[in-house]
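> Structure in structure tokens, see below.
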Amino acid sequence: MYKDKVDDEILKILKDDSRESFVDIGKKLKLSESAVRRRVKNLTDNNFIKKFTIEIGEQNSTKAIVLISVESSMDTSKVSARLTKLDGVKTVYEITGQYDIAVIISSPNITEINLAIDALRKVPGVSDTNTVIILREVT
């Protein structure tokens, strides 16, 4: 499938708000609802759009960044894959520098943050952690 600038605009709109109606997208791009629907179907069929999802607001949650060192005998990608499956883990990054992995944890309270940190410390291959609690997000 050929993807053009209009498809790119549709993707941008849907990325900002996947609930945007085809009618509203059409108005913004001067297209009919059916044209937008057809383009979104083509984008989905050709894997430009893999899935539609939601992002849950976490205004009342506690967040932490956990920096993790991985044992040199372990494959970092295997440790990362295990970490993604833990409760509270929102994002896992493989990084360079003193640490091998950075994990973002989000939970309703500090007690659950502590439980999540305890769980990730038990993952085979994790040799050291350094945790910082996020006080506030500046936007």
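The values are calculated or read from the model by the stated rules, or taken from the named source; none is laboratory data. Quantities reported herein were computed from a predicted structural model and do not represent experimental measurements. Cβ coordinates were reconstructed from backbone atoms using ideal geometry, including for glycine residues, and neighbour counts include every protein chain displayed. Side chains included, ligands, DNA and RNA excluded: accessible areas come from the protein's heavy atoms. Shrake-Rupley method; radii C 1.70, N 1.55, O 1.52, S 1.80 Å.
> Please work out if THR76 is among the β-branched types (Val, Ile, Thr) and either touching a Cys at 6+ places or on another chain (Cβ under 8 Å) or at pLDDT 95 or above (or both). Quick ask: steps written out before the conclusion?
Numbers: among the β-branched types (Val, Ile, Thr): yes; either touching a Cys at 6+ places or on another chain (Cβ under 8 Å) or at pLDDT 95 or above (or both): yes.
Yes, satisfied.
> Within region 118-139, track down each residue that is surrounded by 10 or more Cβ atoms within 10 Å (Cβ to Cβ) and either modelled with pLDDT under 95 or in a strand (DSSP E or B) (or both).
VAL126, SER127, ASP128, THR129, ASN130, THR131, VAL132, ILE133, ILE134
> Hey, does region 78-94 have a residue that's under 16 Å from LYS63 (Cβ atoms) and over 21 Å from the mean Cα position of the chain (by Cα)? Full working, then the answer.
Step one: of region 78-94, the residues under 16 Å from LYS63 (Cβ atoms) are 83, 86-93.
Of the ones still in play, those that are also over 21 Å from the mean Cα position of the chain (by Cα) are none.
No, there is no match, as no residue in region 78-94 is under 16 Å from LYS63 (Cβ atoms) and over 21 Å from the mean Cα position of the chain (by Cα).
> List the pairs whose first member sits in region 118-129 and is under 14 Å from THR76 (Cβ atoms), whose second member is surrounded by 14 or more Cβ atoms within 10 Å (Cβ to Cβ) and among the aromatic types (Phe, Trp, Tyr), and whose Cβ atoms are under 9 Å apart, counting only residues at least 6 apart or on separate chains?
Qualifying pairs under 9 Å: ASP128/TYR99.
> Just one of GLY26, GLY97, GLY88 is in contact with a helix residue (DSSP H, G or I) (Cβ under 9 Å, 6 or more places away or on another chain) and closer than 30 Å to LEU120 by Cβ; which is it?
Values: GLY26 fails: closer than 30 Å to LEU120 by Cβ; GLY97 fails: in contact with a helix residue (DSSP H, G or I) (Cβ under 9 Å, 6 or more places away or on another chain).
Selected residue: GLY88, the only one of GLY26, GLY97, GLY88 that is in contact with a helix residue (DSSP H, G or I) (Cβ under 9 Å, 6 or more places away or on another chain) and closer than 30 Å to LEU120 by Cβ.
> Looking at region 3-58, which of its residues are open to solvent by less than 70 Å² (accessible area, probe 1.4 Å), out of contact with any Leu (no Cβ under 7 Å at 6 or more places or on another chain), of a type in the set (D, E, K, R) and part of a helix (DSSP H, G or I)?
ASP8, ASP24, GLU33, ARG39
> Something else now. Looking at LYS63 and the list (1) out of contact with any strand residue (DSSP E or B) (no Cβ under 6 Å at 6 or more places or on another chain); (2) in contact (Cβ under 8 Å) with a residue 60 or more places away in the chain, which single condition is not satisfied?
Every listed condition holds for LYS63 apart from (1).
> Then there's this: Return the pair list, or none, for Cβ contacts closer than 7 Å from residues in region 1-22 that are among the acidic types (Asp, Glu) to residues that are part of a helix (DSSP H, G or I) and surrounded by 14 or more Cβ atoms within 10 Å (Cβ to Cβ), at least 6 apart or on different chains.
ASP7/ARG39; ASP7/LEU43; GLU9/LEU29; GLU20/ILE13; GLU20/LEU14
> On the basis of being outside any helix (DSSP H, G or I), modelled with pLDDT under 95 and more than 30 Å from VAL6 (Cβ to Cβ), does ASP87 make the cut?
Values: outside any helix (DSSP H, G or I): yes; modelled with pLDDT under 95: yes; more than 30 Å from VAL6 (Cβ to Cβ): yes.
It is true that ASP87 is outside any helix (DSSP H, G or I), modelled with pLDDT under 95 and more than 30 Å from VAL6 (Cβ to Cβ).
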